[in-house]
Structures are given as C-alpha cells and as structure tokens.
1. Please report the spacing between the Cα centers of segment 1-54 and segment 56-86 in Å, no decimals.
2. In the chain, what is the volume of the convex hull around the alpha carbon atoms, normalised per residue and reported in Å³?
3. Considering Cα pairs under 8 angstrom that are at least six residues apart, work out the relative contact order of the chain and quote it in whole percent.
4. Starting with the highest mean, order 50-58, 36-44 by the number of other Cβ atoms within 10 Å, averaged over the residues of each peptide.
5. What is the helix-to-structure angle for 16-33, meaning the angle in degrees between its Cα long axis and the longest Cα principal axis of the chain, kept from 0 to 90 and rounded to the nearest 10?
6. Once phi is turned into θ = phi - 60°, what whole-Hz ³J(HN,Hα) does the Karplus curve with 6.51, -1.76 and 1.60 give for every residue of segment 68-79, x standing for Gly and Pro?
Amino acid sequence: MPIYQTAHYEVAAAAVDDVVAAIKEFVAYVAANEPGTTVYAAWQQKDDPTKFVHLFEFADDAAHEAHGSSDAVRKFEAAYQPVLTAGPVRFTDYVVVATNAGS
C-alpha cells in the first residue's frame, strides 16, 4: 500500500540558496536511486522563500524505510537541520481521497 507524506520546514534567510542546492542534489539522488519513491517533489513558498514543503509518495513500507535509512538522507539533513528556524521538520502522513494522477 502506498505511503503519502509531506514535510514542512523553515530555514534562515541567509541559508536559502544552500538549502535549495542541497534539495536539488538530494532529489536527483532520489530519482536515480530510489525506484520505490514514486513521487518526491520539493516546493518553496512563493511569498516566503524560507519555507519549504516536500511531497512524498512511497510504493510501500519497504520503500519508505529504504529512503529514510539512506546516507543521502543524512547528508541532506546535515544541510538543513542547522538552519531550521521554526522548530523541527513537521512530517504528516496522508491517505488519498481522490486524484487525477494516472488518469
């Protein structure tokens, strides 16, 4: 059963460019190395570029576990965690009610 999740966080303004670079590197890694991560999108808030939302879709628990335990996740965390300004990353799990994906 797929797992749907978001992650919300805010970083220091001076760190935005570095975090954006780390996101791009990390998402490229996910695309190349995690076939079970079927969607990984990172969004930056348009009116406040210090705020980010990541949208995940994992094929199953094994894919979620593989993603969370990778060295790439630890490297990405090392890039953003020191510059978080509004507390830790807030992860939220979801179920799909309706979608136009795949139609």
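1. After rounding, the separation between the Cα centres reads 10 Å.
2. On the way: hull volume 11.7 nm³, N = 103.
In the chain, the Cα hull volume divided by residue count equals 114 Å³.
3. Numbers: 149 pairs, mean separation 46.1, N = 103.
For the chain, the relative contact order is 45 percent.
4. Numbers: 50-58: 18.6, 36-44: 15.3.
Packing order, densest peptide first, comes out as 50-58, 36-44.
5. The answer is roughly 20 degrees.
6. With coefficients 6.51, -1.76 and 1.60, one gets x, 9, 6, 5, 5, 5, 4, 5, 5, 4, 5, 7 Hz.
Rule-based calculations on the coordinates, nothing more; no lab input. Values in this document were obtained by computation on a predicted structure and should not be read as measured data. Using ideal geometry, Cβ is built from the backbone for each residue, glycine included, and neighbour counts are taken over all protein chains shown.
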